[in-house]
Amino acid sequence: MDSHPNGDISLSNGCISGLNIVNWAVKIAHSLGKAWIPRGSDLKLLYRAMSTATFAPAPPERFTIVQPKTTHTGAPIRPLPKGLPKTTQSLCPECSALIEARIREDRGRVVMEKSCPEHGAFRDVLSSDVRLYLKMEEWSFGDGRGVTNPTVVEAKRCPEDCGLCSMHTSHSGLANLDLTNRCNLTCPVCFANANTAGYVYEPSLDQVRGMLQTLRDEKPVAGRIVQFSGGEPTVYPQFLEALSAARELGFSHIQVATNGIRFAEPEFAQQAKEAGLHTLYLQFDGVTDDVYLRTRGRRLAELKSRAIENVRKAGMKICFVPTIVKGVNDHQVGDILRVALDNIDVVSAISYQPVAFTGRIARAELESKRFTLADFAHAVHRQTGICDPYEDWFPLACVTPFSKLLSALRGELTTHLSCHPQCSLGTYLFVSRSGEAVPVTRFADIGAMLCEMDALSRKVETQRIKMFSKISAWNVLRKHFHENRAPEGLTFNKFLQTLQGLTDKRYGRGESEQEGFTFKTLMVAGMHFMDHYNYDVERVKRCVIHYAAPDGRIYPFCAYNGGPTFRERIEKQYSTPLAEKQATLA
Ligand code: SF4
Ligand code: SF4
């Protein structure tokens with residue numbers, strides 16, 4: 001049975017999943033009757049005529065940013081530096097020394113320039129579109145305050161004093177747990193591979209339980225979403241036991257980052273579902289074998305189709321995860337989205353990931369090969385015509401007003417996705433029965449909704465009678481939902497039910513869609529993990545995607561895999577030489 005006791009702001013499939021204020025709103029809507037039943041053909045005509053309308057983002061002066069001065073444990077927080085040019089701390093790509101970097105506009109792009117006293121000057125493109133870059137940072141509602149029980153209590157240097165430290169401003173939104181560095185593929189773009197490392201990192205099941213417990217012990221917000229990763233986590237001999245352990249420890253959402261090979265076996269998919277798995281974070285680099293040959297060294301298109309079918313039958317969900325490499329598969333960004341729409345009953349999200357250069361790359365090649373989130377937003381627009389780069393995308397962290405309001409109403413802290421605005425962007429597509437996909441921004445004034453939710457969350461903290469606030473939250477949602485612009489059949493009631501489904505997995509994991517309770521949605525997002533060339537300490541300090549490690553620490557993703565690459569240190573410390581492991585497995 002699926003368990004999702006918390007039902008609050010969550011990352012679904014590594015992406016934004018929404019809010020649970022709607023649980024109350026849904027109840028209020030039901031109690032007020034059927035006032036928002038669609039008006040048949042009139043509505044259809046209106047929708048056809050108006051579906052290209054967009055809402056301009058609310059001007060930033062419409063909201064007050066509440067910026068905490070310190071983390072929970074008293075470390076000062078430097079407010080997010082905005083505008084251009086600006087300076088930040090970065091790393092030397094050669095020696096990893098912490099060095100100052102300047103970020104500035106250059107011919108419509110945003111570039112980072114830095115110089116190491118030993119290794120000279122470096123330059124990288126952070127965004128190919130300054131206008132989109134500036135929009136992202138406008139939509140920031142203030143930082144989080146980290147954890148109350150950091151492992152490193154008097155940290156001074158980021159990212160060296162890691163795991164989690166007193167300076168970190170976010171708690172874990174989604175936590176990864178590597179089960180192995182072995183894999184059943186040898187991908188050229190992989191950063192975790194036993195064959196090239198020469199050792200096997202494979203924690204025992206007891207160590208896995210210990211790491212899960214560390215995540216659950218995080219305070220003031222316990223870890224709720226775990227993703228088993230690797231290597232290929234399904235080759236871990238006790239993979240099913242690890243899933244069950246996560247379920248027993250109370251994780252509300254359990255997912256696996258996988259290449260899908262094992263899920264091409266129907267029995268395995270069914271066993272994983274029964275052990276507690278909710279979602280596959282499925283490597284999905286393209287729709288043709290020429291792409292897979294280049295990114296994964298093997299034809300995989302047909303295998304992915306089989307895995308999708310088996311997951312559908314088992315009743316789980318899939319998030320496609322394309323690693324985008326310029327000149328290799330960036331021309332298939334739109335095709336991937338179309339395959340997701342064709343399988344909307346089982347694919348709930350896509351998390352596009354521009355490749356990070358974890359090895360060395362020639363300086364001349366760097367600018368021509370870099371694919372940024374702005375490139376991604378423009379590619380979606382060019383290749384599908386669905387999303388406008390400036391109107392339909394918002395940074396991941398802009399959902400914090402919803403989570404703040406939820407916290408205030410419930411009187412307890414919930415997960416806040418307080419990452420840096422340049423880390424990720426995303427949008428929700430609502431998909432009609434005929435397969436037409438419409439971004440939520442076309443029929444809901446998301447900007448104004450966020451501003452009012454944020455203001456309301458501050459009011460609620462001081463109010464004693466929370467019921468008025470629940471009605472106010474409902475009013476905010478109602479006011480900014482425009483049914484005459486929504487896809488056919490999407491009433492306000494159905495809109496609320498769908499939002500509820502995104503947070504309460506009892507409604508969001510398939511069955512309710514078949515019953516017509518929710519409307520089908522596709523979360524489309526991009527997250528740009530950092531490498532040494534574009535490293536920004538302001539981003540990693542705010543990271544919400546974490547790793548649990550067997551040393552009892554929790555590391556932000558971009559410190560674990562990029563920058564200081566704690567992965568290498570941890571794996572070496574807890575590994576067995578490859579030959580020795582092969583002998584025991586033989
Ligand atoms: S990345 Fe976060 S936890 Fe790590 S050193 Fe920096 S502030 Fe501390
Ligand atoms: S620091 Fe890296 S992993 Fe963390 S939120 Fe930003 S891009 Fe994602």
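Only one residue in 199, 236 is over 24 Å from the mean Cα position of the chain (by Cα) and surrounded by 20 or more Cβ atoms within 10 Å (Cβ to Cβ). Which one? Don't jump to the end; show me each part of the working.
Values: 199 fails: surrounded by 20 or more Cβ atoms within 10 Å (Cβ to Cβ).
236 is the lone residue from the list that is over 24 Å from the mean Cα position of the chain (by Cα) and surrounded by 20 or more Cβ atoms within 10 Å (Cβ to Cβ).
Can you name every residue in segment 368-383 that is assigned to a helix (DSSP H, G or I) and either aromatic (Phe, Trp, Tyr) or modelled with pLDDT under 95 (or both)? Lay out the reasoning, then the answer.
Taking segment 368-383 as the starting set, the residues that turn out to be assigned to a helix (DSSP H, G or I) are 368-369, 373-383.
Residues satisfying the conditions are 368, 369, 376.
Out of the residues in segment 108-136 that are acidic (Asp, Glu) and surrounded by fewer than 18 Cβ atoms within 10 Å (Cβ to Cβ), state the one that is farthest from residue 222 (Cα to Cα).
Initial filter on segment 108-136 (acidic (Asp, Glu)): 113, 118, 124, 129.
Applying the additional criterion that residues be surrounded by fewer than 18 Cβ atoms within 10 Å (Cβ to Cβ) yields 113, 118.
Working: 113: 38, 118: 43 Å.
Going through the qualifying residues, I end up with 118.
Out of the residues in segment 359-413 meeting the condition of being out of contact with any Gly (no Cβ under 6 Å at 6 or more places or on another chain) and among the aromatic types (Phe, Trp, Tyr), tell me which one is surrounded by the fewest Cβ atoms within 10 Å (Cβ to Cβ).
Here the answer is 390.
Return yes when residue 537 is among the β-branched types (Val, Ile, Thr) and either farther than 22 Å from residue 158 by Cβ or without any contact (Cβ under 8 Å) to a residue 24 or more places away in the chain (or both) and no when it is not. Write out each step before concluding.
On the way: among the β-branched types (Val, Ile, Thr): yes; either farther than 22 Å from residue 158 by Cβ or without any contact (Cβ under 8 Å) to a residue 24 or more places away in the chain (or both): no.
Taking the combined requirement at face value, the residue does not satisfy it.
Name the strands (runs of 3 or more DSSP E) wholly within segment 259-355 that hold at least 1 residues that are closer than 21 Å to residue 236 by Cα? So that I can check it myself, show each step before the final result.
Numbers: elements: 279-283, 317-321, 347-354.
In segment 259-355, the matching strands (runs of 3 or more DSSP E) lie at 279-283, 317-321.
This table checks each residue for (1) modelled with pLDDT under 75; (2) within 16 Å of ligand 1 (Cβ to nearest atom); (3) in contact with a Leu (Cβ under 9 Å, 6 or more places away or on another chain).
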site: 510; (1), (2), (3): yes, no, no
site: 514; (1), (2), (3): yes, no, no
site: 525; (1), (2), (3): no, no, yes
site: 535; (1), (2), (3): no, yes, yes
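Restricting attention to segment 303-344, which residues are β-branched (Val, Ile, Thr) and in contact with a Leu (Cβ under 9 Å, 6 or more places away or on another chain)? First the steps, then the outcome.
As a first pass, look at segment 303-344 and keep what is β-branched (Val, Ile, Thr): 308, 311, 318, 321, 323-325, 328, 333, 336, 339, 344.
Listed by number, the residues that qualify are 308, 311, 318, 321, 344.
So, in segment 71-109, exactly how many residues are in a loop (DSSP other than H, G, I, E, B) and among the hydroxyl-bearing types (Ser, Thr, Tyr)? Can you show your working first?
Taking segment 71-109 as the starting set, the residues that turn out to be in a loop (DSSP other than H, G, I, E, B) are 71-75, 77-85, 92-97, 107-108.
Retained after the next criterion (residues that are among the hydroxyl-bearing types (Ser, Thr, Tyr)): 71, 73, 96.
Selection size over segment 71-109: 3.
Considering only segment 420-443, how many residues are touching a residue at least 60 places away in the same chain (Cβ under 8 Å) and either assigned to a strand (DSSP E or B) or more than 30 Å from residue 487 (Cβ to Cβ) (or both)?
Of the residues in that region, 12 qualify.
Take segment 110-168 and flag every residue that is away from ligand 1 (no atom under 16 Å from the Cβ), in a loop (DSSP other than H, G, I, E, B) and of a type in the set (A, V, I, L, M, F, W, C). Steps first, answer last, please.
Going through segment 110-168, the residues away from ligand 1 (no atom under 16 Å from the Cβ) turn out to be 110-142.
With in a loop (DSSP other than H, G, I, E, B) added as a condition, the list becomes 117-119, 128-129, 139-142.
Result: 139, 141.
Can you name the residue in segment 148-160 that is surrounded by fewer than 24 Cβ atoms within 10 Å (Cβ to Cβ) and within 16 Å of ligand 2 (Cβ to nearest atom) and is also nearest to the chain's Cα centre (by Cα) among such residues? Break it down into steps so the answer makes sense when it comes.
Step one: list which residues in segment 148-160 are surrounded by fewer than 24 Cβ atoms within 10 Å (Cβ to Cβ), which gives 148-149, 151-158, 160.
Of the ones still in play, those that are also within 16 Å of ligand 2 (Cβ to nearest atom) are 158, 160.
Numbers: 158: 23, 160: 24 Å.
The selected residue is 158.
On the given criteria, is residue 170 modelled with pLDDT of 95 or more and within 16 Å of ligand 2 (Cβ to nearest atom)?
On the way: modelled with pLDDT of 95 or more: yes; within 16 Å of ligand 2 (Cβ to nearest atom): yes.
Criteria met by residue 170.
The values are calculated or read from the model by the stated rules, or taken from the named source; none is laboratory data. Nothing here was measured: the structure is a model prediction, and the numbers come from that model. Backbone-built Cβ (ideal geometry, glycine too); neighbour counts: all protein chains shown.
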